[in-house]
């Protein structure tokens, strides 16, 4: 039997009236959602059958008026606590019906959790089931962040009839390109997420501990082990990541829904942040939609993947979009694209991504200079990359409290890091859009990595991250190595200098390149690499 409660400002639910009133009041104060609030009902542990006989559990938060459209949230992290607070009760109190479902193999749902592999079929079956319920008017929309956003893309290109609306935040239609960015293995992100998900139901506070980096020191010790298949043995996801890390492995192909992104006709509003690990993925989805003639709404704000500010802003963005599409509320008067200008302290409006800018080429080379004038040919800079003492990294787009811009001075002092620094700027320089570099480099042996980081050097000498990119080298690739850096919107102030780092790694964000070319899963032997860097070019989007 369903556990059903009816909740308003004076009723008693299973938590007690005072608790409910206090909880809802606190969440309202944090979210600051518009609209009048009213009564809502909660149905817990709805049983949703899948075609293969597995049953998935879901909770339903609904206003009194039925039938109504349904906003579906599919999650591996549990359907109570944070999600109920961000999406369940506050949306239902304002007229939106929300169903939060635990994906296969998590928090009471049947079957085995196999990351990304069941979300298309299970999601489509859930949508079909929802449309058959008497309390659904046939319209199904979706919302949610990160993996919850991926579950939206897993069904959106295939739903028939189409979804009524989508709100994917800090996410993408595929995660493979982030896991293996530039052809390497994203060690820290994949390992820590896999371990967190494997432990979240058996270890108290596992999800929160993982997101906040409480276990970071222990994880750092474990991640240093070789072979990579010998660490994180409790995480089936991590084992799949290292087992399928070689080029042309098609294990993850069924989980990639990017080819259908442009075919989605549902009104879409996307929220993300500049330091999200999936920023490149999400912006590729935006471009695919734009090329197909769609006009998705995009907001890129400050913060990182687990930043509370981003979670709150994503919830507000979803409510604004869904209340307009599903409830007929007035549309927000805003540009299709809104970007937070970091260090500029203001929002930029544009009609599409990327916004108009002037691609400007900067040159770097032996001698350590960086500027708009080509650098004369000279003998290359010679460095050595030692997998036994891998080049570390700080900050950047990672999951944890240390994400975001960070001071690079300690890393820049290492002998395995090359730095190319420009003159002090005479006026502010706004960089808005896509950033790329070409590094002319030779590594002996032929296996190696190229990590490029652009920094803002303050008058004090502090060198703060703006953006970065990573590419894994393989024999025969040639000297000129193109590197896609993460897009940005950033103001470099007058008196500051630009600095470009070039190194052979960014550990533990990326797994060490052991220099042998052996499979990532089983390799243990290491080779010290001699690197010759001749310089290259950096292309900046000057706004």
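Return the Rg/Rh ratio of the range 339-392 with Cα-based radii and a Kirkwood Rh. Could the numbers behind the result be given before it?
Details: Rg = 18.6 Å, Rh = 15.7 Å.
Ratio value, two decimals: 1.18.
The alpha carbon centroids of the range 308-346 and the range 371-397 are separated by 39 Å.
List 119, 43 from most exposed to least, where exposure is judged by having the fewest other Cβ atoms within 10 Å.
Details: 119 24, 43 16.
Lowest to highest Cβ neighbour count: 43, 119.
Only counting other Cβ atoms within 10 Å, I'd like 391, 426 sorted with the fewest neighbours first.
Details: 391 23, 426 8.
Sorted ascending by nearby Cβ count, the order is 426, 391.
Spin-label model, residue 388/residue 324: points 7 Å from Cα along the beta carbon direction are separated by 6.0 nm.
Per residue of the chain, the DSSP helices (runs of n ≥ 4 H) give a summed -39500 (n - 2.57) that works out to -6500 deg cm²/dmol at 222 nm. Going from the residue with the fewest nearby Cβ atoms within 10 Å to the one with the most, 490, 147, 384 rank 384, 147, 490.
Please report Rg over Rh for the range 70-149, where both radii come from the alpha carbon positions and Rh follows the Kirkwood definition. Write out the running numbers ahead of the final one.
Numbers: Rg = 12.4 Å, Rh = 13.0 Å.
Rg/Rh for the range 70-149 comes to 0.95.
A Förster distance of 30 Å, applied to the separation of the beta-carbon atoms of residue 263 and residue 131, puts the FRET efficiency at 0.90.
Suppose we keep just the DSSP beta bridges with both residues in the chain; what percent of those would be antiparallel, to 5?
Details: 82 of 110 bridges.
So the antiparallel bridges in the chain amount to around 75 percent.
What fraction, in whole percent, of alpha-carbon pairs in the range 297-371 exceed 15 Å separation? Looking at the range 297-371, the distances longer than 15 Å represent 70 percent of pairs. Summary of the geometry: the range 39-79 and the range 476-511, compared by the centres of their Cα atoms, lie 44 Å apart. For the range 217-242 versus the range 525-543, the inter-centroid distance based on Cα atoms is 28 Å. Label-to-label distance for residue 479 and residue 347 is 4.9 nm, based on points extended 7 Å past Cα in the beta-carbon direction. Highest mean packing first, where packing is the average number of other Cβ atoms within 10 Å per residue, the peptides 302-308, 458-464 line up as 302-308, 458-464. Shown is the FRET efficiency for residue 524 and residue 379, computed with R0 = 41 Å from the Cβ-Cβ distance and rounded to the nearest 0.05: 0.70. Indicate the gyration tensor shape class of the range 358-542 (rounded, prolate or oblate), computed on the Cα atoms with a ≥ b ≥ c the square roots of the eigenvalues: a/c under 1.5 is rounded; otherwise a/b larger than b/c is prolate and the rest oblate. It comes out prolate by the Cα gyration axes.
So if R0 is 41 Å, what FRET efficiency would residue 360 and residue 44 give, r being the distance between their Cβ atoms, rounded to the nearest 0.05?
Details: r = 57 Å, r/R0 = 1.38.
For R0 = 41 Å, the calculated efficiency reads 0.15.
Here the label points at residue 493 and residue 424, each 7 Å from Cα along the C-beta direction, are separated by 1.3 nm in the simple model.
Only the coordinates and a few stated rules stand behind these numbers; no lab work does. Note that this is a predicted model, so its numbers are computed, not measured. All Cβ positions, glycine included, derive from the backbone under ideal geometry; neighbour counts span all protein chains shown.
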